[in-house]
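Structure record follows, encoded as structure tokens.
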Amino acid sequence: MSSGKREFHQNGFIKNYIIEEPLGFEPDERGLGYLYFTSMKRHKNKIAQYLADTEEEDTYDDFLRRTVRTALELRKRDLSKDDVVCLCSYNHKNSVVPFVACNFLGVRVASLDPLLSLMDTAHLVSEVKPKIIFVVPEALKLIETSLKKTGLNIEIVLFDELGTSDKHTNFSEFLQFQEEEETFIPESVSSLRETAVIFFSSGTTGFPKGIETNHYALICQSINYIQSGNLGNVALSYTSLYWISSVLFTTATIFTGSARVVCPAFNPKQFWQLVEKYKVTNMAGAPSQAVDIIKAGRPDGLDTTSFVSCMIGGATMSKKFTLELRDLLPGTFVAMAYGQTEVAGLVTTFQIKHVKDALALHYKPESVGRLVPGMKCKVVDFETEKLCGPNESGELMLKTPMVMNGYYGRDSSESFDADGWLKTGDVVYYDEEKFFYIVDRIKEMLKYRSWHVAPAVVEKIVLEHPAVQRVVVIGIPHEEDGDHPMAVVVLNPEYAESITEEDIQGFVAEKAPDRMRLRGGVKFVSSIPITPSGKMKRKHIRDMVMNGSI
């Protein structure tokens with residue numbers, strides 16, 4: 001077959017510039033909860049969790065016992081498959097227990113991050129209206145205030161094994177012995193297409209949406225991760241269950257009986273100690289964490305020979321930092337991966353079990369790897385919508401059985417084209433060997449240290465300042481953090497001489513979450529170009545700022 005304009009053959013089949021990787025297996029039809037349960041029983045004598053803060057070792061046997069008791073206690077609340085249970089927790093000994101327990105019962109679960117702002121938390125709680133929410137003490141005030149703000153009456157369970165709360169339910173009540181625990185069997189799902197987990201992702205309008213992820217998708221993506229060779233015997237991850245990466249990481253370790261090193265928060269100096277102490281074999285982290293690890297430096301005499309794979313995702317990382325991290329971790333496969341919550345995780349990765357991928361890591365440091373099994377994709381020109389060939393940039397479009405069920409309580413049709421392809425909003429290209437590269441995002445969303453930042457939300461805050469007449473927020477590329485928000489501002493004439501850039505930055509810092517701070521600065525202009533329909537030409541403005549035109 002020739003390498004002509006319409007199709008070519010190079011280490012695999014690509015027809016009409018549509019790339020497809022077959023799944024190669026079918027997941028167990030009984031669902032995620034059944035697989036969790038049988039895996040935990042099978043690996044009962046293995047270590048499930050190393051608790052870095054207390055130096056405890058938690059076996060799968062004890063982990064399963066606490067989870068079954070929690071499931072039985074939840075069952076007393078007559079939860080249905082239409083109900084939602086929420087978690088708001090950093091990583092600790094029992095943070096995963098209610099999550100797995102909900103899957104034992106076939107009840108949908110959604111997680112919040114304790115670092116979210118009050119504005120975000122109140123909105124997300126009102127979106128899913130959970131029947132019960134599990135909360136760490138540090139986030140209790142955040143949740144109480146959010147519930148008061150939304151007017152919702154929801155049972156709060158406090159993660160406090162000592163039972164010190166007289167206002168809310170203590171999690172210790174969920175850990176008491178129950179007679180039914182020895183005969184407990186998880187409920188099977190009627191269909192793998194049932195929603196198991198609701199993840200949250202901000203849209204371009206700035207309003208967070210719940211992404212309904214089904215059993216089929218989570219099981220397949222977890223197996224994909226296992227089969228890629230990036231999962232070893234001892235996994236280290238810092239992200240909470242708010243993130244899809246944490247759920248996949250947790251699921252994959254349970255399926256294989258691997259251990260997780262559990263840390264409440266990321267500390268780059270502690271990272272090196274944990275790798276050596278627990279013989280960590282793999283890690284999934286964000287670019288910002290990788291940069292912090294590089295800056296912390298590798299201690300002398302450290303043994304990292306156990307460390308097989310370090311996967312970086314959530315945002316792009318420069319070639320410079322990728323190579324520096326590889327220098328600090330000789331013998332470790334350090335690579336970037338690319339994913340989307342709408343398809344339950346990975347889209348591309350390096351499958352280090354394959355010689356081709358392992359070799360490509362070294363001479364393609366800026367690539368995010370090849371399609372994972374079960375993915376079908378095309379790259380489309382923005383203007384003509386024609387299919388792009390190798391080394392031609394365009395928007396990535398996906399078709400996969402692992403796609404989301406939809407946005408919770410919302411219409412998701414605009415996320416797909418007329419032929420059912422998911423529009424990722426990401427600009428990519430692939431080379432002749434089917435390795436992908438992320439170029440940019442055509443979505444208006446910015447990303448600061450893996451956190452989504454909606455320009456529309458920041459703009460609304462800036463506009464509250466009496467001196468501001470009009471504003472557009474853009475992202476200034478930053479090598480370590482991803483995007484730094486910048487406000488391009490038209491001032492009201494009477495304030496033109498009295499307001500400084502620092503005044504606007506300080507105003508936003510007082511009102512917005514940390515990730516929305518105007519780290520990219522403020523630029524005052526006389527006017528902002530708009531389209532005939534009245535929309536601001538955000539990309540045009542960004543280009544003008546970047547080339548020094550304004």
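Here the contact order of segment 131-277, divided by its residue count and restricted to Cα pairs under 8 Å and six or more residues apart, works out to 12 percent. Using C-alpha pairs below 8 Å separated by at least 6 residues, the relative contact order for segment 446-546 is 28 percent. Here the chain carries DSSP beta bridges of which approximately 60% are antiparallel, counting only pairs with both residues inside. Each Cα pair under 8 Å and six or more residues apart adds its sequence gap; the mean of these over the residue count of the chain is a relative contact order of 12 percent. Its Cα centre serving as origin, the chain has a Cβ charge dipole (Lys and Arg +1, Asp and Glu -1) of approximately 740 debye. Straight-line reach from Lys320: taking Cα to Cα under 20 Å and skipping same-chain neighbours fewer than 8 places apart, the lysines in range are Lys295, Lys364, Lys447. Put in line by how crowded their Cβ is, counting other Cβ atoms within 10 Å and starting with the fewest, Lys81, Lys523 read Lys81, Lys523. Roughly speaking, what is the stretch gain from Glu510 to Glu138, that is 0.36 nm per residue apart minus the C-alpha to C-alpha distance, in nm to one decimal? Additional length available on full extension: 131.8 nm.
Does segment 158-268 classify as rounded, prolate or oblate by the C-alpha gyration tensor (a ≥ b ≥ c root eigenvalues; a/c under 1.5 gives rounded; else a/b over b/c gives prolate, otherwise oblate)? Here segment 158-268 falls in the rounded category.
Would you grab the residues whose amide H sits under 5 Å from the one on Ala52? Only those 5+ places off in sequence or on another chain, please, with H modelled 1.01 Å from N. Sorted by chain and number, the residues that satisfy this are Val262.
For Phe382, Phe184, what's the fewest-to-most ordering of other Cβ within 10 Å of each Cβ? Before the final figure, lay out the partial values.
On the way: Phe382 11, Phe184 17.
Fewest-to-most ranking of Phe382, Phe184: Phe382, Phe184.
Which entries of Lys511/Lys539; Lys41/Lys269; Lys44/Lys209 show an alpha-carbon separation above 32 angstrom in the structure shown? From Lys511/Lys539; Lys41/Lys269; Lys44/Lys209, over 32 Å: Lys41/Lys269; Lys44/Lys209.
Phi-derived couplings, Karplus 6.51 cos²θ - 1.76 cosθ + 1.60 at θ = phi - 60°, listed residue by residue for segment 222-233: 5, 5, 4, 5, 4, 6, 6, x, 7, 9, x, 8 Hz, with x used for Gly and Pro.
How large is the convex hull of the Cα atoms of segment 446-546 per residue, expressed in Å³ as a whole number?
Working: hull volume 9.9 nm³, N = 101.
Hull volume over Cα atoms, normalised by residue count, gives 98 Å³.
Assuming R0 = 25 Å, what is the FRET efficiency of Ser190 and Glu26, from their Cβ-Cβ distance, to the nearest 0.05? Please report the intermediate quantities before stating the final value.
Numbers: r = 17 Å, r/R0 = 0.67.
For R0 = 25 Å, the calculated efficiency reads 0.90.
Each Lys and Arg contributes +1 and each Asp and Glu -1, all at the Cβ; summed about the Cα centre of segment 446-546, the dipole is approximately 560 debye.
Around the amide H of Asp426, modelled in the peptide plane, lie the amide H atoms of Leu396, Ile442, all under 5 Å away and 5 or more residues distant in sequence or on another chain.
Rounded, prolate or oblate, given the Cα gyration tensor of segment 70-121, with a/c below 1.5 counting as rounded? Oblate. Sequence-ordered 3J(HN,Hα) estimates for segment 20-34 from the Karplus curve with 6.51, -1.76 and 1.60 and θ = phi - 60° stand at 9, 10, x, 5, x, 7, 10, x, 4, 6, 7, x, 5, x, 4 Hz, glycine and proline given as x. Legend: ranking of residues Asp113, Asp82 from fewest to most surrounding C-beta atoms inside 10 Å; resulting order Asp82, Asp113. Scalar couplings 3J(HN,Hα) for segment 311-326, obtained by applying the Karplus form with A = 6.51, B = -1.76, C = 1.60 to θ = phi - 60°, are 9, 10, x, x, 6, 7, 10, 5, 4, 4, 6, 4, 5, 5, 5, 5 Hz; x denotes Gly and Pro.
Close amide H pairs (under 5 Å, H built 1.01 Å from N) link Arg470 with Val490, residues at least 5 positions away or on another chain.
Values quoted throughout were computed directly from the atomic coordinates according to the rules given, and no laboratory measurement underlies them. Please read these numbers as outputs of a predicted model, since none were measured by experiment. Methodologically, a virtual Cβ is constructed for each residue, glycine included, from the backbone with ideal geometry; neighbour enumeration extends over all protein chains shown.
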